[in-house]
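Rule-based calculations on the coordinates, nothing more; no lab input. No experiment lies behind these values; they were computed from the predicted model shown. Using ideal geometry, Cβ is built from the backbone for each residue, glycine included, and neighbour counts are taken over all protein chains shown.
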Number of protein chains: 6
Amino acid sequence: MAVVPLLSDAEASAEARGVFDEIRALRGTDHVNNFWRALAHDPALLRATWDRVKTVMRPGALDPLTKEMVYIAVSAANGCGYCAHSHTAAARAKGMTREMHAELLAVIALAMHTNGLASALQVEVDEAFRA
Amino acid sequence: MAVVPLLSDAEASAEARGVFDEIRALRGTDHVNNFWRALAHDPALLRATWDRVKTVMRPGALDPLTKEMVYIAVSAANGCGYCAHSHTAAARAKGMTREMHAELLAVIALAMHTNGLASALQVEVDEAFRA
Amino acid sequence: MAVVPLLSDAEASAEARGVFDEIRALRGTDHVNNFWRALAHDPALLRATWDRVKTVMRPGALDPLTKEMVYIAVSAANGCGYCAHSHTAAARAKGMTREMHAELLAVIALAMHTNGLASALQVEVDEAFRA
Amino acid sequence: MAVVPLLSDAEASAEARGVFDEIRALRGTDHVNNFWRALAHDPALLRATWDRVKTVMRPGALDPLTKEMVYIAVSAANGCGYCAHSHTAAARAKGMTREMHAELLAVIALAMHTNGLASALQVEVDEAFRA
Amino acid sequence: MAVVPLLSDAEASAEARGVFDEIRALRGTDHVNNFWRALAHDPALLRATWDRVKTVMRPGALDPLTKEMVYIAVSAANGCGYCAHSHTAAARAKGMTREMHAELLAVIALAMHTNGLASALQVEVDEAFRA
Amino acid sequence: MAVVPLLSDAEASAEARGVFDEIRALRGTDHVNNFWRALAHDPALLRATWDRVKTVMRPGALDPLTKEMVYIAVSAANGCGYCAHSHTAAARAKGMTREMHAELLAVIALAMHTNGLASALQVEVDEAFRA
């Protein structure tokens with residue numbers, strides 16, 4: 001269980017329910033996932049977070065699937081289990097194939113590997129990268 | 001300065017120089033960046049790391065630029081300064097525009113934001129994500 | 001289950017039970033939480049950790065509730081689920097209201113957001129901050 | 001140097017300069033710190049981040065100094081050097097004394113210590129915390 | 001449940017089963033743990049990861065038990081629960097006593113403590129360490 | 001520069017100087033490194049941290065060199081540059097050879113790699129590890 005109870009539609013404030021409705025409409029599903037139900041205790045934070053998700057994750061110079069894969073990468077590095085689950089589901093819903101998932105995992109693992117080495121060795125930044 | 005001296009071509013072993021030459025050939029540049037020169041103290045680890053970079057970062061189900069952006073995301077979450085510098089340079093060399101960089105940063109920031117909330121709230125994983 | 005069995009009072013050494021008794025007395029509860037029962041395998045580490053908790057978390061220039069909120073912030077950034085649970089409970093016991101919790105979460109999320117940007121951008125420290 | 005050049009007022013867009021002006025006005029200083037000058041490459045992200053800082057960091061159920069100390073805690077756990085510098089400066093500007101800073105550091109260190117133990121031991125969450 | 005189903009021997013490809021067999025043979029057990037069964041969705045990543053484990057964890061200048069303890073330390077700092085479990089089990093299988101485990105935990109906790117302080121204080125590296 | 005000035009012997013309090021003297025005596029060097037000079041602003045935290053270093057890092061079930069290598073591993077995972085520098089220097093002073101350092105780095109890199117995979121995949125803990 002989360003550190004706060006998850007709010008059902010009946011328990012949520014009108015402001016929070018308004019966000020729930022937008023989530024349902026945008027995603028074409030009746031399911032409002034637990035993250036939003038936990039955030040509903042603070043309708044202002046719920047609204048601010050959801051507005052940011054809508055703005056940031058829409059198509060732009062990067063497509064929505066690429067953005068979901070970047071999201072998975074950050075979540076893996078931070079060890080956020082909930083986030084790895086929810087954004088892997090989202091990436092699949094947006095078309096991530098098994099092959100794409102496999103390559104994503106390989107890049108994450110490699111980045112972790114070289115991050116660990118660069119941090120342990122404290123390699124100084126090349127002048128060439130500073131230009 | 002790194003915790004080990006960076007090895008020049010003259011100081012590196014033949015095995016390490018072999019990797020340096022592959023880096024130069026693949027990247028079409030004479031510059032071998034500091035990370036590899038620090039790793040050259042252990043030619044076996046240098047070789048294993050470089051072979052993995054070659055294999056993982058080549059085109060596949062994901063294109064090389066997407067992979068570099070995932071790399072930047074992991075590096076930012078881990079706070080690896082060297083890695084943020086080197087992979088931002090690599091992403092640019094592979095075609096990352098200002099607009100793409102800006103959207104990448106926005107996704108990283110949003111993922112950090114929701115990772116922090118999910119971790120602080122300890123939101124339990126939805127059954128829908130476990131299927 | 002933890003990587004070690006949790007020790008009951010009967011299983012714990014006299015030294016560990018002494019710490020359990022102090023925890024009960026200071027907190028005015030009979031419940032000794034799992035963290036301490038896991039640490040009881042090493043009475044010296046249990047004692048050192050508990051003594052530090054007693055010293056650091058008592059009222060001083062900062063009040064105990066502020067300290068618990070700082071504790072939650074570190075735990076969220078580190079992704080420590082146990083710690084988020086136990087210190088959110090502790091903060092509530094010390095008077096954290098829903099409004100305070102909501103603002104705490106908003107600050108954590110914002111700090112994660114800007115930490116991610118500063119790390120991805122590798123912003124150099126202003127001279128003004130170094131004075 | 002950051003991975004992007006820092007934009008001077010002359011180089012920044014009108015939208016970005018508008019944010020710079022708000023920063024100057026709110027803080028009563030002419031100095032716009034490097035973080036904002038790096039973000040100015042993306043006026044929309046700059047605006048969104050600054051608006052969030054204004055909203056989240058203002059007085060509420062928690063006072064602004066407490067919020068800055070929470071910010072320092074997250075930044076230390078994430079190893080964000082820039083953020084540790086800038087928010088320590090901000091906390092001092094808002095009244096953090098030496099004694100408060102010392103106690104903050106002691107709580108951060110203790111939280112890191114017990115986070116490490118709880119993660120290494122994988123202590124299961126007490127039922128008492130789940131209520 | 002993981003974000004992918006765990007593959008049984010019957011579900012795994014011939015290439016993945018080949019790795020499973022090597023794991024069984026090297027460890028003298030019939031149990032192939034969940035990590036490998038999740039990785040089996042990408043036989044190439046499974047093979048690359050397992051080959052690296054075989055190479056890196058064998059006796060050398062450091063003995064295998066020391067290597068497992070280093071592995072636990074990284075996993076605790078990263079908050080990887082699965083990894084803390086699996087490598088604590090591995091360390092015990094290689095002879096880690098209770099006393100050794102207790103001292104390992106104490107070092108991890110101390111390193112977390114001083115890491116937090118050095119990051120919060122942004123202590124500059126001594127010239128003496130750069131030589 | 002650190003977020004606090006480093007205190008010289010003349011600037012430090014008598015209590016802090018007492019710790020400086022113990023550091024010099026135990027290490028057989030006149031150099032008191034920056035970490036301790038930054039901590040000297042809070043003699044109580046300086047004393048508590050140093051006492052813990054003395055207790056935890058002395059020979060026991062694990063030898064001091066193994067402990068330093070565990071320290072490096074935690075510091076690399078946390079991205080603490082100062083700590084990577086100071087504990088690599090300490091490990092060398094205690095006998096870490098080039099070969100040992102190379103193997104340590106390889107284990108850190110491998111642990112980062114599998115931590116990233118286990119976190120991205122959210123692999124569930126085997127029953128066998130829970131016994």
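Taking other C-beta atoms within 10 Å as the exposure proxy, A:Leu46, C:Leu45 rank C:Leu45, A:Leu46 from fewest upward.
Think of chain F as having a plus end and a minus end, set by charges on the Cβ of Lys, Arg, Asp and Glu; of F:Met112, F:Ala14, F:Cys80, F:Ala14 sits farthest toward the positive end of this dipole.
For the range E:34-46, backbone phi angles converted through the Karplus equation (6.51, -1.76, 1.60; θ = phi - 60°) give residue-by-residue couplings of 3, 3, 5, 5, 6, 5, 5, 5, 10, x, 5, 6, 4 Hz, Gly and Pro being listed as x.
Rounded if a/c is under 1.5, else prolate if a/b is larger than b/c, else oblate: which is the range C:12-58, with a ≥ b ≥ c the root eigenvalues of its Cα gyration tensor? It comes out oblate by the Cα gyration axes. For chain D, build the charge dipole from Cβ charges (+1 Lys, Arg; -1 Asp, Glu) around the Cα centre, then report which of D:Ala38, D:Gly95, D:Val56 sits farthest towards its positive end. Farthest along the dipole direction, towards plus: D:Gly95.
What is the average number of partner chain Cβ atoms found within 10 Å of a Cβ in A:37-45?
Values: counts 2, 8, 8, 0, 5, 8, 1, 5, 8.
Shielding by partners across A:37-45 averages 5.
Electrostatic tally near D:Pro64: other residues with Cβ closer than 10 Å to its Cβ, Lys and Arg +1, Asp and Glu -1, net +1.
About the Cα centre of the protein assembly as shown, how large is the charge dipole given +1 on each Lys and Arg Cβ and -1 on each Asp and Glu Cβ? Please answer in debye to the nearest 20.
Working: 78 positive and 90 negative charges, 0 e Å.
The dipole of the protein assembly as shown has a size of about 0 debye.
For D:82-94, what's the mean count of beta carbons from other chains sitting within 10 Å of each residue's beta carbon?
Across D:82-94, the average partner-chain Cβ count within 10 Å equals 6.
Once a ≥ b ≥ c are taken as the square roots of the eigenvalues of the Cα gyration tensor of the protein assembly as shown, is the result rounded (a/c under 1.5), prolate (a/b larger than b/c) or oblate (a/b not larger than b/c)? Spell out each step's value before the answer.
Details: a/c = 1.09, a/b = 1.00, b/c = 1.09.
Rounded shape, in that the Cα axes give a/c under 1.5.
Placing +1 on the Cβ of every Lys and Arg and -1 on the Cβ of every Asp and Glu, with no other charges, gives chain C a dipole of roughly 260 debye about its Cα centre.
Rounded to the nearest 500, the 222 nm mean residue ellipticity of chain F from helices alone is -22000 deg cm²/dmol, with -39,500 (n - 2.57) taken per DSSP H run of at least 4 residues.
Across identical copies of the chain, C:Glu11 has label-point separations of 3.3, 3.3, 5.1, 5.3, 6.2 nm, listed in ascending order, with the point defined 7 angstrom from Cα along Cα→Cβ.
Need one value for E:59-70: mean number of C-beta atoms belonging to other chains within 10 Å of its residues' C-beta atoms.
On the way: counts 1, 5, 9, 12, 2, 0, 2, 10, 7, 2, 7, 14.
Mean inter-chain Cβ contacts per residue within 10 Å come to 6.
Within the same chain, aspartates and glutamates fewer than 8 places from C:Lys94 are excluded, and of the rest, those with a Cα less than 15 Å from its Cα are C:Asp63, C:Glu68.
For F:Leu62, B:Leu26, A:Leu6, what's the fewest-to-most ordering of other Cβ within 10 Å of each Cβ?
Values: F:Leu62 25, B:Leu26 13, A:Leu6 22.
With the fewest neighbours first, F:Leu62, B:Leu26, A:Leu6 line up as B:Leu26, A:Leu6, F:Leu62.
Please give the peptides B:72-81, E:89-98 ranked by average Cβ packing (other Cβ atoms within 10 Å per residue), highest first, as a rough proxy for protection. Let's see the in-between values first.
On the way: B:72-81: 29.2, E:89-98: 16.8.
Packing proxy ranking, top to bottom: B:72-81, E:89-98.
Computed from backbone phi, the HN-Hα couplings of the range E:96-111 come to 5, 7, 4, 5, 5, 4, 4, 5, 4, 4, 5, 5, 4, 4, 5, 5 Hz, rounded to whole numbers (Karplus: 6.51 cos²θ - 1.76 cosθ + 1.60, θ = phi - 60°; Gly and Pro given as x). Here the range C:12-58 is treated with +1 on each Lys and Arg Cβ and -1 on each Asp and Glu Cβ, and its dipole about the Cα centre works out to around 160 debye.
Taking the Cβ of C:Thr55 as the centre, find all other residues whose Cβ is under 13 Å away and add up their charges (Lys, Arg: +1; Asp, Glu: -1). It works out to a net charge of +2.
Mind checking which aspartates and glutamates have their C-alpha under 12 Å from D:Lys67, skipping anything on the same chain fewer than 8 residues away? Correct list for D:Lys67: C:Glu103. A simple spin-label model places the labels of E:Asp30 and B:Arg92 5.9 nm from each other, with each point 7 Å out along Cα-to-Cβ. Across the range E:15-29, rounded Karplus estimates of 3J(HN,Hα) from the backbone phi angles (6.51 cos²θ - 1.76 cosθ + 1.60, θ = phi - 60°) give 5, 5, 4, x, 5, 3, 5, 5, 4, 4, 5, 5, 8, x, 9 Hz, Gly and Pro being marked x.
Net charge near D:Ile23: determine it from the other residues with C-beta under 11 Å of the C-beta of D:Ile23, scoring Lys and Arg +1 and Asp and Glu -1.
Details: positive: D:Arg17, D:Arg24, D:Arg27, D:Arg37, D:Lys54; negative: D:Asp21, D:Glu22, D:Asp30.
Summing Lys and Arg as +1 and Asp and Glu as -1 gives +2.
For F:Phe129, B:Phe35, what ranking results if the residue with the fewest other Cβ atoms within 10 Å of its Cβ goes first? Display every interim value, and only then the final one.
Values: F:Phe129 20, B:Phe35 23.
Lowest to highest Cβ neighbour count: F:Phe129, B:Phe35.
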